[in-house]
Structure formats: C-alpha cells, structure tokens
Amino acid sequence: MASSPTEDEIRLIIAPISTSTTNEQGLFLSLRHPKSGNPTCYLLNNGYLQELHWFKQSYGSWFLGDYVSEDGSLYVATPVDPVFILLPIFDKARMKKDGDKGKFRQLDEIMFINDYPGYQNILPLAQLCMEIVCEVKEIESVKFFRLDESKVLAWLCHKVQQLKLTLPTLDQNYAAQDEKGILTEVLSLLGEYLNSDPWLKLLCTHLKFDLQETTRKPPVHEFFPSALESTPGSSHSLQAKNGNNKKTSSNGKQVKKMKAETDSRNIKDMFSMALRKRK
C-alpha cells in the first residue's frame, strides 16, 4: 500500500469547484481502465466521474501563496461517461455463454471487484447510468441488471453522432476532413475506451467500416500507469520517448517519473499541504 502524501508530494490540479452544500470532498478512485484493464486513477467530484490528465515539462514550479512547489506538473480533471468505465465490468458479470444472453445480477454483486474498493463509491452513478445499456428486471423492489448488446450498440451510435457534430467545431483540421475522415477520427477516439472485441468490432460492422482503419498511429507522448500518473485513455503526458527508451520531455531533457499512489485519497488531504507548511 502506498504511503500517505508528504509535503514533498504537493500537487496542483485543475478541477471543477464542488457546488455541493454538504461540504463533501472529491475522492481519487483507483478503477480499471476500460480498454487496458490497468489500475487507473479517476476523480469522483460533485457527483461526476472525471479522468485525470497529467502534464509535465522539464523545468517548472508552482507558486502557491508564499510557498513554492518544486514539482511543476499539472493535473487536469475532465468528465468521462461512467458507462465507458463500467461496460467491461457489466459485460463480465453477465457470464455470457454461447447461445444465451447471460445472467441478471444485482448491482452490488456486479460492482464488487476484488482489490478495487473504489467501485463501491460509484454505485449511485451505476444505478443512474447503466439502465441505458442494460435490461433491468425488478423483483420486490430489487433491480437486476444484464448488459444488452443492442442497447450498447444504440448508445455507441449516439456517441458517434455526437462526436461527428462536435469534432469539426473544435479544430480546423477536423473541419477540413470529409465524412470518412471524420468517422475514422471518431472511431479512433472511441477505441481508446473500448475493447476491439466485441464493442468496437460490433460498432464498425454496424457502420460498415473497416476496423483496421480505426487504428491510430502511436502517440508522441508516453503513458504512465497507476493512480496519480498518466494512464492510457485517461491521463496524457507531454513527455515523449526517445530512441534509448528513456523518459524525456518534449525538448529532449530527461525527467523523473513521479511516484505512484494507488488508494483513494481525499482532495483536501492531498492538496492542502502547502497551506499547513505556511503556518
């Protein structure tokens, strides 16, 4: 188990300010990444699940009041649809075999994942969002869920349409592409959160699109696994990999890899160290 953050591990994060009147603090949760299955840090804040993006240059510090944080890295929390995160969990939980659709399961059974207690914190989110992709039966006020492939496909098609409308408004390079080019970008983006088999393959078959064309070129930045570091499809680093596999920044200078932490942490505990040090 990772130790608690120390004063030398002060970090800066950009995240929405909670509007809750209950003084609830956000939580860092270790969940499985929907594509790789690796432990990945997410932020549960103000009732929304967010993924963390990590940016770091070779040299830089942060001035927090009259305190200087030597670690110049920056974390940015952005919203992520919980359905992406929960899709592999619900897929496995139905225990589908050839010729049947699988079993209906209670939500607390589905969300009990060994070594990942963070899923218990997003039970209310799962209750709200997973009915859109599941068959639900209610027996004596108890709901039972089973993932439904036709509903998943309809949900994915809706995501495709949303992204096709949104991407051209974000960048001129997207706006200049033809229909096939935009669809390729959309499916590549969705592919960062979906397993190729069955979901991306199912979607491409429905759209009559070549699955191989959705494969992106390797990104110039490198991903770092685990909780508060960059992770595939979740936390993107500005660091690049050179020929000898050493971690470097965009200007070629070698930088140190940050220490990993794996447990859920309270935001107040992690980012208020500077204030205590000033006293």
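Read-outs: derived from the displayed coordinates by stated rules, not from any lab. Note that this is a predicted model, so its numbers are computed, not measured. Cβ sites come from the backbone with ideal geometry, for glycine too, and all protein chains shown count toward neighbours.
Toward the positive end of the charge dipole of the stretch 149-217, with +1 on the Cβ of Lys and Arg and -1 on the Cβ of Asp and Glu, the farthest Cα among T214, Y174, V152 is that of V152. Scoring 26-34, 75-83 by mean Cβ neighbours within 10 Å over their residues and listing the highest first yields 26-34, 75-83. Once the Cα-Cα distance is subtracted from the 0.36 nm per residue extended length, the L207 to S188 segment shows a gain of 5.5 nm.
What order do you get for 49-55, 109-115 when each peptide is scored by the mean count of other beta carbon atoms within 10 Å, highest first? Please list the in-between numbers first.
Values: 49-55: 21.3, 109-115: 14.4.
Top of the packing list down: 49-55, 109-115.
Dividing the convex hull volume of the alpha carbon atoms of the stretch 149-217 by its residue count gives 82 Å³ per residue. Measuring between alpha carbons in the structure, every pair from K159/K180; K92/K143; K35/K159 lies within 20 angstrom.
Run the numbers for H158 and S61: contour at 0.36 nm per residue of separation, minus the present Cα-Cα distance, in nm.
Details: separation 97, 0.36 × 97 = 34.92 nm, distance 4.21 nm.
Computed gain between H158 and S61 is 30.7 nm.
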